[in-house]
2 protein chains.
Amino acid sequence: MDVSGSILPRRTSAVLCERCAGAVRGLCHSLDDLDQVALAAASTTLRLPARSAVFREGDRATAVFTLVDGAAKLLRSLPDGRQQIIGFRFPGDFIGYTARDRYPCDAELVSDATVCRLDRGRLESMSRHCAPLSHRLLELCAEDLAAAQEQLGAMAQRSAEGRVAAFLLTLHAAARRNHEPGIELALPMTRADIGDYLGLTIESVSRVFAALRREGLLREPSRGHVSLTDLGALEALAGAEGMSQATPTA
Amino acid sequence: MDVSGSILPRRTSAVLCERCAGAVRGLCHSLDDLDQVALAAASTTLRLPARSAVFREGDRATAVFTLVDGAAKLLRSLPDGRQQIIGFRFPGDFIGYTARDRYPCDAELVSDATVCRLDRGRLESMSRHCAPLSHRLLELCAEDLAAAQEQLGAMAQRSAEGRVAAFLLTLHAAARRNHEPGIELALPMTRADIGDYLGLTIESVSRVFAALRREGLLREPSRGHVSLTDLGALEALAGAEGMSQATPTA
DNA sequence: CGTATGCTTGACGCCTTTCAACCGACGTGG
DNA sequence: CCACGTCGGTTGAAAGGCGTCAAGCATACG
């Protein structure tokens with residue numbers, strides 16, 4: 001179900017950046033104080049349970065969201081019931097921002113989460129008056145694009161082990177961005193989610209995790225948590241991995 | 001080498017849209033006549049040979065380009081000499097537009113081509129004064145993003161045959177967009193290019209082409225040309241396993 | 001003509017998928 | 001309290017797709 005608009009609506013306090021847009025990687029730095037207050041007035045903080053949808057593909061894109069806490073997956077449902085996972089999003093990420101009038105994919109939570117909902121019209125009208133903001137929004141889009149292309153390259157030529165290693169490293173990078181201490185990270189998504197994302201079966205994912213555990217590259221202290229105990233080795237797997245097939249021309 | 005700026009510079013005639021931006025999928029519709037003239041004054045048309053670079057990853061992004069004629073590939077060179085091809089671009093496509101100050105990837109021609117070079121500063125200052133234009137630019141970025149994500153899903157779960165079929169269909173769609181008549185399309189890129197794009201070896205690509213030929217789904221009348229003789233079957237192959245590829249029979 | 005480049009085809013083997021069985025955690029209802 | 005079903009995860013064995021290695025052909029070019 002689509003919840004974009006109700007469920008525990010709660011006005012944020014006056015300064016938006018503290019709780020919400022502050023996490024949007026500097027989105028608010030583009031705005032003066034007055035505008036920040038205006039944007040805050042148009043935003044609500046929602047607490048949502050795991051597995052609920054923030055929005056669905058095809059819904060009218062009337063809002064954008066900041067993931068404050070928790071994790072989400074972006075996906076397209078395939079006609080045959082399978083799902084293609086576009087990517088995962090973490091605290092501080094901006095989701096649902098699009099140039100079209102409908103969302104291009106589903107956004108579904110993989111853990112309980114807190115999201116901050118911003119009215120899209122409000123954001124856009126502000127961006128029209130504020131060049132730095134609109135530039136920042138374009139930049140966010142470009143970043144997503146770069147990430148998707150990176151991912152594309154990554155997936156294309158990597159073995160199962162390399163893909164999982166790369167995936168774990170992006171998780172790690174996301175945790176570092178959010179200043180989460182320690183080497184243990186949350187792994188709220190299922191093997192099926194990971195497999196759908198990486199283009200592997202759950203069995204393959206499971207086997208790779210088992211292998212990495214066996215080789216001492218990671219530990220799984222409890223379900224939903226993983227700690228990477230040999231980042232260097234993981235990077236080696238993620239980087240120099242897979243099929244050689246050099247294209248000998250430069 | 002980077003050629004963005006020299007080689008056969010030639011002023012376009014006053015009305016930009018005829019030759020160049022007209023092909024940018026309606027970019028100019030956002031501009032009034034005066035602005036079009038201004039933009040035209042800041043643009044030059046270049047004729048470049050196959051294999052030359054329009055720009056290189058890391059170059060200062062001082063210009064954006066419209067591909068008027070020919071085909072290009074966007075790619076990232078990997079440290080080990082391999083290359084990951086991000087995508088192919090065709091006449092009417094806009095390349096080199098980025099929010100950053102350096103190009104995120106190489107753009108290399110796979111055939112002789114004509115490109116139209118626009119000064120980036122000029123474009124950006126105009127977009128600041130023209131909301132529809134800036135919205136259109138954002139939209140272009142969002143389209144690229146959607147395409148990349150589509151591709152991501154495609155690659156993740158399709159077999160070699162499915163990937164090639166999907167690739168051929170996007171080529172076909174590009175040709176249709178440009179109102180190219182007939183079922184025969186140009187296929188200027190090498191098997192290696194296709195393989196790097198799809199995450200396959202040249203042998204696999206070659207075998208798939210051979211199989212498709214054998215099964216009567218396509219013919220290759222001459223090197224660099226292919227005609228799809230059974231679009232329905234190709235769509236079935238492309239769709240059967242994985243992403244439903246938005247375009248049904250058209 | 002000889003070389004380079006792009007393409008094709010065959011044989012072989014590894015890696016991932018497929019199919020299947022099983023385990024532990026959890027929640028439900030009798 | 002415990003039987004039972006569900007769900008997520010793990011592991012094994014077999015099958016097959018695609019990468020790898022290798023040889024050979026065609027076209028273009030100096």
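The values are calculated or read from the model by the stated rules, or taken from the named source; none is laboratory data. Just so it is clear, the model here is predicted, and its values are computed rather than measured. Here the Cβ is made from the backbone with ideal geometry for all residues, glycine too, and neighbour counts use every protein chain on show.
So, residue B:154, is that one within 12 Å of another protein chain (Cβ to nearest Cβ), within 16 Å of DNA strand D (Cβ to nearest atom) and either touching a Ser or Thr at 6+ places or on another chain (Cβ under 7 Å) or at pLDDT below 90 (or both) or not?
So residue B:154 passes the test.
Could you tell me how many of the residues in the range A:105-119 are touching a Leu at 6+ places or on another chain (Cβ under 8 Å) and outside any loop (DSSP other than H, G, I, E, B)?
Here the count works out to 10.
When you scan the range A:52-85, how many residues do you find that are within 14 Å of chain B (Cβ to nearest Cβ) and farther than 20 Å from residue A:120 by Cβ?
12
I'm checking my understanding of the structure. Among residues of the range A:157-196 that are farther than 23 Å from residue B:148 by Cβ and of a type in the set (Lys, Arg), which one is nearest to the other protein chains (Cβ to nearest Cβ)?
Only one residue fits best here, namely A:191.
Within the range A:111-132, can one find any residue that is touching a strand residue (DSSP E or B) at 6+ places or on another chain (Cβ under 8 Å), at the interface with another protein chain (Cβ under 9 Å from one of its Cβ atoms) and either without any contact (Cβ under 8 Å) to a residue 24 or more places away in the chain or surrounded by fewer than 23 Cβ atoms within 10 Å (Cβ to Cβ) (or both)?
No; the residues of the range A:111-132 include none that is touching a strand residue (DSSP E or B) at 6+ places or on another chain (Cβ under 8 Å), at the interface with another protein chain (Cβ under 9 Å from one of its Cβ atoms) and either without any contact (Cβ under 8 Å) to a residue 24 or more places away in the chain or surrounded by fewer than 23 Cβ atoms within 10 Å (Cβ to Cβ) (or both).
How many residues does the range A:217-236 hold that are within 16 Å of DNA strand D (Cβ to nearest atom) and assigned to a helix (DSSP H, G or I)?
Total satisfying the criteria: 0.
Might you check whether a residue that is within 16 Å of DNA strand C (Cβ to nearest atom) and within 20 Å of residue B:84 (Cβ to Cβ) occurs anywhere in the range B:138-147?
no
So, residue B:147, is that one surrounded by fewer than 17 Cβ atoms within 10 Å (Cβ to Cβ) and either within 14 Å of the chain's Cα centre (by Cα) or facing chain A (nearest Cβ under 7 Å) (or both) or not?
It is true that residue B:147 is surrounded by fewer than 17 Cβ atoms within 10 Å (Cβ to Cβ) and either within 14 Å of the chain's Cα centre (by Cα) or facing chain A (nearest Cβ under 7 Å) (or both).
Just wondering, is there one or more residues in the range A:120-129 that are out of contact with any Asp or Glu (no Cβ under 6 Å at 6 or more places or on another chain) and in a strand (DSSP E or B)?
no
Across the range B:39-51, what is the number of residues that are within 16 Å of residue B:121 (Cβ to Cβ) and crowded, with 16+ Cβ neighbours inside 10 Å?
The total comes to 5.
Could you list, in sequence order, the residues of the range A:186-206 that are among the charged types (D, E, K, R) and within 8 Å of DNA strand D (Cβ to nearest atom)?
Result: A:191, A:193, A:203.
Residues being more than 14 Å from every other protein chain (Cβ to nearest Cβ) and within 14 Å of DNA strand C (Cβ to nearest atom): count how many of those fall in the range A:197-214.
Number satisfying all stated conditions: 8.
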